[in-house]
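Working notes, structure below.
The values are calculated or read from the model by the stated rules, or taken from the named source; none is laboratory data. Values in this document were obtained by computation on a predicted structure and should not be read as measured data. Methodologically, a virtual Cβ is constructed for each residue, glycine included, from the backbone with ideal geometry; neighbour enumeration extends over all protein chains shown.
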Amino acid sequence: MLNNKKVVVVLPAYNAAKTLRRTVDEIPHEIVDEVILTDDASRDDTSKLSLELGLITIRHDKNRGYGGNQKTCYAAALARGADIVVMLHPDYQYTPKLVSAMASMIAYGEYDGVFASRILGRGALKGGMPLYKYIANRGLTFIENVLIKEKMSEYHTGYRAWSRTLLERLPLLSCSDDFVFDNQMVAQAFYLDFRIGEISCPTKYFEEASSINFRRSVTYGFGVLGTAMDVRLKRWGIGNAAFLADAPGQRLLADGAVPQELSAHS
């Protein structure tokens, strides 16, 4: 709890068995009320280890993609009464020790969302981010800032915290199930005038840390540019991207469906 608000960490997982324990061990459990892991049909023992660690565990029968995984994570957290939801990758690329700081920025009413930025400071390249990804990150962020009219240091971190109010309001079911989900979600947040803050975060790139390949990175990059342009066209009154349509039926839990949890005896 923070300021009488329930804090839930969600872990969108895929083949994360090698790094999950290290990630969970560093989560500040003194302020985190629950940890939810959604296993996107991993081929390793991610779900088994998650249950052994005492995490609330959900497993997809088939792979739904990175965006689809997040939708399940957020829906489960809302269903369990979360006031603040921190999305942390279980691959140990980001330090879990910042959960308290990120959640505090929301708990005390300063922001509706918080990004842990690898670009603020000098941690990205020192942490092993490939140079081409660093250059692409800076270039895409510059274009997005121009088109969306914001001043973020990066849009592409996988470490984010959100308020319940924001998660209930955004039509997240209309977003992609692929990696561009992240950008469509933040585009929705800015379009609907939510307040997004940032905090500097060190990062670690190593063999077990998940990272999309060059081909998927290019696809993601074009998706990012398309998302930013969709926002600009919508504000000009000449665009009608589905993820910006703001249909109430596309909000999480709108249909009353709650993700099914596993038990240690499942």
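A few points about this structure:
- Listed conditions (1) in contact with a Phe, Trp or Tyr (Cβ under 8 Å, 6 or more places away or on another chain); (2) closer than 24 Å to residue 180 by Cα; (3) modelled with pLDDT of 95 or more are all met by residue 105, apart from (2).
- Any hit, segment 170-183, residues being touching a Leu at 6+ places or on another chain (Cβ under 8 Å), under 15 Å from residue 147 (Cα atoms) and among the aliphatic types (A, V, I, L, M): no
- Here 85, 10, 24, 32 are screened, and the one residue that is of a type in the set (Val, Ile, Thr), in contact with a Leu (Cβ under 8 Å, 6 or more places away or on another chain) and surrounded by fewer than 24 Cβ atoms within 10 Å (Cβ to Cβ) is 24.
- Test: residue in segment 181-200 that is assigned to a loop (DSSP other than H, G, I, E, B), of a type in the set (Asp, Glu), in contact with a Phe, Trp or Tyr (Cβ under 9 Å, 6 or more places away or on another chain) and in contact (Cβ under 8 Å) with a residue 24 or more places away in the chain: no
- Which listed residue is among the hydroxyl-bearing types (Ser, Thr, Tyr), closer than 16 Å to residue 222 by Cα and at pLDDT 95 or above, from 176, 163: 176
- Pairs are defined by a Cβ separation below 9 Å, a sequence spacing of at least 6 or placement on different chains, a first member in segment 59-74 that is on the phi > 0 side of the Ramachandran plot, and a second member that is crowded, with 19+ Cβ neighbours inside 10 Å and in a loop (DSSP other than H, G, I, E, B); the pairs so defined are 65/40; 65/176; 65/179.
- Filtered by the rule that a residue be more than 20 Å from residue 69 (Cβ to Cβ) and among the aliphatic types (A, V, I, L, M), segment 19-42 gives a lone residue, 31.
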